[in-house]
Amino acid sequence: MSKSPQSSAQITSSTLAPVQRQTLEFLRNFIAEHGFAPTLKDIARHIGVKSVSTAHFHLERLTDKGFIRRGADGLLEIIDITTPELGPTAVPLVGVIAAGMPIEAIENPTTIDIPSSMIDGRGEVYCLEVSGNSMIDEHICDGDVVVIKKQETADNGQIVVALLEDETATLKTYRRLKNGKVMLIPANSSMKPMTLDEVTVQGRLIGVIREMH
């Protein structure tokens, strides 16, 4: 299995997936209007998801990245952070990708700076924030940002963004079996591969960027 190229470049704490930007803006407006924070159900309804656990996940991301502060008494405070200017290597950050069980892909791009060494000038490149630890043995961790080269085919052993029949997406190692089926393999000994009749490849991994604390 080929190892993925990585970068030690730092992403600033202002890097947010689009749905997290949407959540932050909703929190800001709701608190300004009502004087208190919305419920998880309010947040889930606003960002268009059914599960309050998904809303909780995005609140945790906003807390980890320093955009909000959550007190022991349940009070929520928004912390203003200035967004840095993006350089010439800005590429789309199109949402969250599962490195665990598949979750919905988000197609509402903002932009993020990546090292210019990751762009070779050939083909379209985009980024996704990783959720889950199924690729941890490939040094891809929860909260990392992966750099993806857009393509519709993949070779065995490449790590790909795979869109499944139910329109969910996941990050896994690709393998085409002799019987024509596709196996999506996690890099975590506690998880089992998925064998599917077909998947749609949306790109292959070309780099990983980790936020430094």
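Every number in this text was worked out from the coordinates using simple rules, so none of it is lab data. These figures come from a predicted structure and were not determined experimentally.
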Q) Where a ≥ b ≥ c are the square roots of the eigenvalues of the C-alpha gyration tensor, would you call the stretch 18-78 rounded, which needs a/c under 1.5, or, failing that, prolate if a/b is larger than b/c, or oblate? A) rounded
Q: Pull out the extension gain between Phe26 and Glu124, defined as 0.36 nm times the separation in residues minus the alpha carbon to alpha carbon distance; nm, one decimal.
A: 32.2 nm
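Quote to one decimal, in nm, the extra length available between Glu60 and Cys141 on full extension: 0.36 nm per residue of separation minus the C-alpha distance between them.
27.6 nm
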(Q) Suppose the chain between Thr153 and Glu33 were pulled fully straight at 0.36 nm per residue; how much longer would it get relative to their current alpha carbon spacing? (A) 38.3 nm
